[in-house]
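Undergrad: Could you have a look at this structure, given as structure tokens, before my questions?
The values are calculated or read from the model by the stated rules, or taken from the named source; none is laboratory data. Note that the structure is a prediction, hence the values are computed from the model and not measured. Note that we place each Cβ from the backbone using ideal geometry, even for glycine, and neighbour counts take in every protein chain shown. SASA here: full protein model, heavy atoms, side chains in, ligands and nucleic acids out. Shrake-Rupley method; radii C 1.70, N 1.55, O 1.52, S 1.80 Å.
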Amino acid sequence: PPVIAAVISALVFAHLSDKFHLRGPFIAVQCIMVIVGLMVTAYHKNYGVKYFGIFLGQAGCQGNIPTILAYHSNNVRRQSKRVVASALQIGFGAAGGILASTTFLEKDAPTYLAGFWVTASLQFVILLLLVCTTSHFYLQNKKVDEGTLKEPIEGQPGFKYTL
């Protein structure tokens with residue numbers, strides 16, 4: 001059931017981000033969903049509430065994958081750069097499986113607090129990187145609108161970043 005909820009969440013967030021032509025805010029919301037879901041699962045005493053936390057965390061985590069892929073794909077124009085960026089993104093995502101196997105340790109059962117906090121910390125890293133890149137993209141777009149940009153973004157006149 002948590003995976004089914006994650007699929008529905010991913011589709012809803014994909015639809016909304018396409019409708020509003022925004023990626024960053026939807027990535028941020030999903031990161032916050034993951035953090036809240038992790039903390040509820042880790043610290044709440046009621047098992048029903050913990051189970052809800054799993055739904056929330058799974059929906060945010062799995063839903064963020066296509067949103068982040070779209071964010072980078074929308075903002076990298078040259079095919080060679082896009083291929084490298086996609087490979088790096090998929091590679092770092094796969095490294096998450098390795099990291100999970102080294103942070104969710106059997107000795108930490110049944111709470112797995114170290115694993116939950118490592119995962120939450122990585123969500124905070126995503127939020128920090130998102131703020132930095134989106135701020136940069138916003139400033140570049142503003143220069144395009146004002147006509148003060150010296151060179152076109154990605155060498156394509158009129159191109160603007162997707163925020």
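Undergrad: Taking only Cα atoms, what is the 0 to 90° angle, nearest 10, from helix 24-43's long axis to the longest principal axis of the chain?
TA: Helix 24-43 and the main axis of the chain meet at about 10 degrees.
Undergrad: Could you look at the chain and say what percent of its accessible area is carbon and sulfur, using a 1.4 Å probe and all protein chains?
TA: Values: 7090 of 9940 Å².
Carbon with sulfur: 71 percent of the solvent-accessible area.
Undergrad: Still on this structure, please answer the following. Kindly rank 99-109, 30-40 from highest to lowest mean number of other beta carbons found within 10 Å of each residue.
TA: On the way: 99-109: 11.1, 30-40: 20.8.
Result, highest mean first: 30-40, 99-109.
Undergrad: Taking only the alpha-carbon atoms of region 1-155, what semi-axes of the equivalent ellipsoid follow from 5 times the gyration tensor eigenvalues under a square root, in whole Å, largest first?
TA: Numbers: eigenvalues 220, 57, 39 Å².
Over the Cα atoms of region 1-155, the ellipsoid semi-axes are 33, 17, 14 Å.
Undergrad: Ignoring everything except DSSP H segments at least 4 long, calculate the 222 nm mean residue ellipticity for the chain; use -39,500 (n - 2.57) per segment, divide by total residues, nearest 500.
TA: Numbers: 5 runs with 127 residues, N = 163.
Rounded to the nearest 500, the figure is -27500 deg cm²/dmol.
Undergrad: Calculated FRET efficiency, Ile4 and Lys50, Cβ-Cβ r, R0 25 Å, to nearest 0.05? Intermediate values should be presented prior to the final figure.
TA: On the way: r = 18 Å, r/R0 = 0.73.
In this case the efficiency is close to 0.85.
Undergrad: On to the next question. Taking Lys81 as the anchor, which lysines have their alpha carbon closer than 27 Å to its alpha carbon, excluding any fewer than eight residues away along the same chain?
TA: Lys81 reaches Lys19, Lys142, Lys143, Lys150, Lys160.
Undergrad: Now for a separate question. What ranking do 6-14, 74-82 get when scored by the average of other Cβ atoms within 10 Å per residue, highest first? Don't skip to the answer; put the middle values down first.
TA: Details: 6-14: 16.6, 74-82: 13.6.
Ranking, from highest mean packing down: 6-14, 74-82.
Undergrad: What is the Cα convex hull volume of region 66-163 when expressed per residue in Å³? Provide the component values of the computation, followed by the final result.
TA: Values: hull volume 9.5 nm³, N = 98.
Spread over its residues, the Cα hull of region 66-163 gives 97 Å³ apiece.
Undergrad: Looking only at region 50-75, which residues have a backbone nitrogen under 17 Å from a spot 7 Å from the Cα of Val83 in the C-beta direction?
TA: The answer is 73, whose backbone nitrogens lie closer than 17 Å to the label point.
Undergrad: So what is the accessible area of region 1-61 per residue, in Å², with the probe set to 1.4 Å? Show your work: numbers first, answer last.
TA: Details: 3390 Å² over 61 residues.
Computed with neighbouring chains in place, this is 56 Å² per residue.
Undergrad: Give the cross-link partners of Lys107 among the lysines, using a straight C-alpha distance below 30 Å as the criterion and excluding same-chain residues fewer than 8 apart.
TA: In chain and number order, the partners are Lys45, Lys50.
Undergrad: Another question, if that's okay. Quick one: length gained pulling Ala94 to Thr111 fully straight, 0.36 nm per residue minus the C-alpha distance? Show your work: numbers first, answer last.
TA: Working: separation 17, 0.36 × 17 = 6.12 nm, distance 2.42 nm.
Here the segment from Ala94 to Thr111 would lengthen by 3.7 nm.
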